[in-house]
Amino acid sequence: MDRQLARAIVNKLGSTGTPPEFGIEHFTVGLEPYLKVIEDEYLDGILKYNLSSFKLITGNYGGGKTHFLYTVRNLAFGHNYCVAYVSLNPTECPFDKLELVYKGIAANLIAPRPADAPTAVRDKGIESVVRKWHDDQRQLHDRTDSLRKYLETLPTTESTSFSNAVRGAFAGLMAEDGEGFNDVVQWLKGEDVSKEMRVQHRISERIDKATAFRVLRSLIQWVHAIGYTGLILLFDEAERGMSISSSRDKRRALDNLRQLVDECGNSRLPGAMVFYAVPDENLLLEGSGGVYEALKQRLRSAFNETNPVGVRINLEELGIEPAEFLKRLGARLADLFEAAYEMKLPDAKRDAVLRTLADIAISAFAFDVGYRRLFVVSVLDAFHQLRATPALEFGRKEAEKLLRVTTQRLEQTDKEQVEKEEF
Amino acid sequence: MEGLAELLQSLSDQSQRLVRRLAAYRDLLSDPVNNVHARAKAIAQLSGAIQAFPDSEVRQKLVEWHRNESAAIEQSRSEFRFEFGRQFVAGLEGSGMTVKGQLPLLRVGLFTVRVDFEAGSATIFWGPEIEKLKSGLALAPLELATTLRKWNERLRQKSVEPSKLAGRLHAAYRRFCGLEGLSEGTRVFLLDLLSELVLLMQPESFRLNPAQEKFVEYPRVRFSYDLFRLKQAGAFSVGEVQLKLHVANFDATTEKAKALWVPDSEEGDGTHYSYISFSK
């Protein structure tokens with residue numbers, strides 16, 4: 001394994017316990033059965049017949065939801081899907097404001113790419129997908145009139161305004177009209193544009209709460225029309241996107257979710273698959289602000305190897321005992337660490353660190369910050385200690401202390417993160 | 001001489017108060033980790049008394065002791081939290097109740113426990129934070145586990161047999177429809193029926209003398225649990241008519257009078273129902 005890649009992964013995992021968006025397969029454990037079903041049944045299955053699907057991902061904080069979503073993203077790239085990973089939050093991207101959700105999707109849209117390196121900012125967003133679309137077509141059509149003809153015959157989308165906008169952006173690139181291109185892309189990103197610009201490109205709609213769903217469907221239809229298999233939408237931290245004050249807002253957010261669930265399955269979302277990750281479905285579906293039983297019933301069925309049509313993917317039930325899971329994860333982390341620092345950890349001490357930390361993390365911290373994340377951060381910390389002091393004695397007492405300090409640190413980091421974003 | 005006696009008396013009073021508090025605090029140190037929240041409360045109260053003590057070498061020593069003890073309390077808090085999950089699960093072993101979720105919110109079978117490590121208290125709910133059963137409980141993992149076991153067992157023991165409940169519900173439904181001039185088959189709020197049901201459940205002694213001590217209570221939580229048992233047993237038939245529960249809409253779920261949460265499984269999943277009806 002590349003030393004720099006290994007070091008980048010160790011650095012990211014060791015600091016916060018959250019996975020980096022690259023090199024995820026180097027420390028993936030236990031997800032294989034779920035991923036195989038998702039690949040066989042959906043990415044390489046019904047989505048290729050222009051159908052669509054919705055899955056609810058549940059798993060505790062630090063239980064691997066983001067990891068799972070990144071893994072799905074990489075699988076999807078391999079099957080020629082565009083992907084948008086959107087981290088929901090109450091201010092920038094709350095689920096009760098679909099126009100902001102669309103904005104989040106447009107800003108995070110990525111065309112298929114290798115997954116072993118971070119995505120550069122210029123490769124992210126609807127602008128880069130339009131540019132890539134233009135560049136790819138330019139290579140296929142050596143003459144301008146042929147390219148123009150291609151554009152004219154491009155299937156239209158549900159929203160004519162959206163269709164006109166993407167054609168306008170493409171035409172702007174063809175004509176090397178940078179300003180014109182930027183104007184239309186501004187609208188595609190969900191930002192306000194001048195009336196003159198809209199008139200010029202025959203865009204009659206604004207992207208607001210009344211049109212956001214139609215524009216989102218149109219985005220999916222366009223991605224499909226320009227040659228990709230479809231679009232995979234990965235919504236993370238969904239409980240935060242719902243943490244809104246009033247009952248009315250909550251209802252609107254749940255209505256949007258219900259509509260999205262209901263839309264999946266019909267032909268208006270060709271090749272689309274939506275993954276919506278929450279720590280506990282009850283955070284979303286229960287509580288004092290009203291309960292949407294109709295939605296609850298839609299999201300109730302459990303997905304597994306024998307029931308691929310189930311909606312709820314529970315990452316707490318991977319079919320591996322926690323001890324075995326942490327044992328396998330620990331071994332992969334050790335390999336990563338050794339590759340990152342081009343060294344060999346002393347076998348006996350490495351195994352003792354992994355065994356002790358796994359044992360205590362499961363028995364004493366099962367209901368804390370998420371024993372998986374806690375284990376990852378603590379193991380890497382212990383490995384660093386072992387690297388600095390090869391003769392280090394690491395017993396239960398040291399392990400307990402490390403896990404306790406790490407719990408407090410992760411809780412503090414999470415708290416600061418939430419406060420920073422919301423206020 | 002003037003005022004000196006009063007000053008000494010005041011100093012003596014303050015000293016004695018402090019001595020009493022310090023003695024009480026020393027008792028708490030017999031189990032420093034499990035008494036951590038009581039220690040935190042006591043140390044906060046001691047802070048004022050120490051500050052009010054006249055500036056002297058004694059006060060300096062008290063201030064230093066207070067500072068060290070406050071740091072020790074933080075350490076004990078961390079140890080308490082470390083032990084909490086393990087002890088709680090151990091206390092529930094063999095109860096059949098599964099524990100899910102993450103602190104500070106745990107799902108324990110059909111109950112939810114919200115813990116507050118800062119305040120050292122816990123609140124127990126029926127279902128997912130639906131019906132608050134008790135708040136301000138001491139944050140003692142084994143005691144909490146015992147309370148939950150007890151409530152869980154009591155619900156089972158006092159549960160009305162499903163077919164008997166269906167019969168009583170039908171009787172209450174007919175009575176309510178008769179009083180309100182509604183035809184059979186009409187949907188009736190579950191909570192409207194609950195009061196009729198409670199009346200039907202009263203013993204003969206209550207009919208003869210409707211005094212408080214003769215009254216047999218039937219709280220919402222037991223009604224909810226018994227409906228769960230009824231659903232599990234599939235006891236929906238009463239003679240020729242069929243009992244039907246109607247799912248609540250979004251707005252109704254925010255009103256206690258319009259919806260009742262009923263478990264779907266022992267793991268704590270459930271559904272809000274608003275109405276009940278009987279029809280052929």
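For this structure, a couple of remarks:
- Scaled radius of gyration (Cα, divided by 2.2 N^0.38 Å) that segment A:325-385 gives: 1.07
- Between segment A:195-228 and segment B:266-280, the alpha-carbon center distance in angstrom: 43
- Heavy atoms of A:Thr18: accessible area, 1.4 Å probe, square angstrom to 10: 40
- Kirkwood hydrodynamic radius over Cα pairs of segment A:80-185, then Stokes diffusion coefficient at 10 °C and 1.306 mPa s, in µm²/s: 104
- Nearest 10 degrees, 0 to 90: helix B:4-28 Cα axis against chain B principal axis: 50
- Dimensions in Å of segment A:267-423 - Rg and Dmax from alpha carbons: 20.0, 63
- Per-q log10 I(q)/I(0), segment A:131-235, q = 0.15, 0.16, 0.23, 0.24 Å⁻¹ (Debye; single scatterer per alpha-carbon; no solvent): -0.62, -0.71, -1.37, -1.45
- Span from the segment A:2-25 Cα centroid across to the segment A:33-67 one, whole angstrom: 23
- In this label model, B:Phe236 and B:Lys134 are separated by 3.7 nm, measuring between points 7 Å along each Cα→Cβ vector.
- Centroid-to-centroid separation of segment B:155-189 and segment A:374-410 [C-alpha atoms, Å]: 60
- Along each principal axis, Cα extent of segment B:101-211, largest first, Å: 54, 32, 25
- For B:Tyr275, the residues 5 or more places off, or on other chains, whose built amide H falls under 5 Å of its own are B:Leu190, B:His246.
- Whole-Hz couplings from phi, Karplus 6.51/-1.76/1.60, listed for segment A:264-280; x for Gly and Pro: 5, x, 9, 7, 6, 10, x, x, 9, 9, 10, 10, 10, 9, 9, x, 8
- Pairs of alpha carbons in chain A whose separation is greater than 26 Å (percent): 58
- The candidates A:Lys12, A:Lys209, B:Lys61, arranged from most to least accessible area with a 1.4 Å probe in the full protein assembly, appear as A:Lys209, B:Lys61, A:Lys12.
- Each of A:Ser146, B:Ser30, A:Ser218 has its accessible area taken with a 1.4 Å probe; listed largest first, they run B:Ser30, A:Ser146, A:Ser218.
- Area of B:Trp151 that stays accessible when all protein chains are in place (1.4 Å probe, Å², to 10): 60
- With contributions of -39500 (n - 2.57) from each DSSP H run of at least four residues, the per-residue ellipticity at 222 nm computed over the protein assembly as shown stands at -17500 deg cm²/dmol.
- Once the C-beta distance of B:Ala38 and A:Glu39 is scaled by a Förster radius of 56 Å, the resulting FRET efficiency is 0.50 to the nearest 0.05.
- Grouping the Cα pair distances of segment B:1-84 into 5 Å bins from zero gives a pair-distance distribution of 3, 14, 22, 21, 15, 10, 7, 4, 2, 1, 1, 0 percent in increasing distance order.
- Helix A:98-108 vs. chain A, principal-axis angle (Cα, 0 to 90°, nearest 10): 70
- The modelled label-to-label distance for the pair B:Glu217/A:Thr16, using points 7 Å beyond Cα in the direction of Cβ, is 4.9 nm.
- ³J(HN,Hα), Karplus 6.51/-1.76/1.60, whole Hz, each residue of segment A:154-168, x for Gly, Pro: 4, x, 7, 9, 4, 8, 5, 4, 5, 4, 5, 5, 5, 5, x
- Within the full protein context, the accessible area of A:Glu205 is estimated at about 30 Å² for a probe radius of 1.4 Å.
- Counting only protein chain heavy atoms and rolling a 1.4 Å probe, the accessible areas of A:Asp40, A:Asp280 rank, largest first, as A:Asp40, A:Asp280.
- For the residues B:Asp55, B:Asp226, B:Asp27, a GNM of chain B with alpha-carbon springs under 10 Å puts the largest fluctuation on B:Asp55.
- Modelled spin labels at A:Asp135 and A:Ala388, positioned 7 Å past Cα toward Cβ, are 4.4 nm from each other.
- Take each residue in A:395-404, count the other chain C-beta atoms within 10 Å of its C-beta, and the mean is 1.
- Chain A: most fluctuating residue of A:Gly330, A:Gly23, A:Gly290 per GNM, C-alpha cutoff 10 Å: A:Gly290
- Gyration tensor (Cα) of segment B:139-194, equivalent ellipsoid semi-axes in angstrom: 37, 13, 7
The values are calculated or read from the model by the stated rules, or taken from the named source; none is laboratory data. What you are looking at is a predicted structure, and each value in this text was computed from that prediction instead of being measured. As a convention, Cβ positions derive from the backbone with ideal geometry for all residues, glycine included, and neighbour counts pool all protein chains shown. In case anyone asks, the SASA skips ligands and DNA or RNA and just uses the protein heavy atoms, side chains included. Shrake-Rupley method; radii C 1.70, N 1.55, O 1.52, S 1.80 Å.
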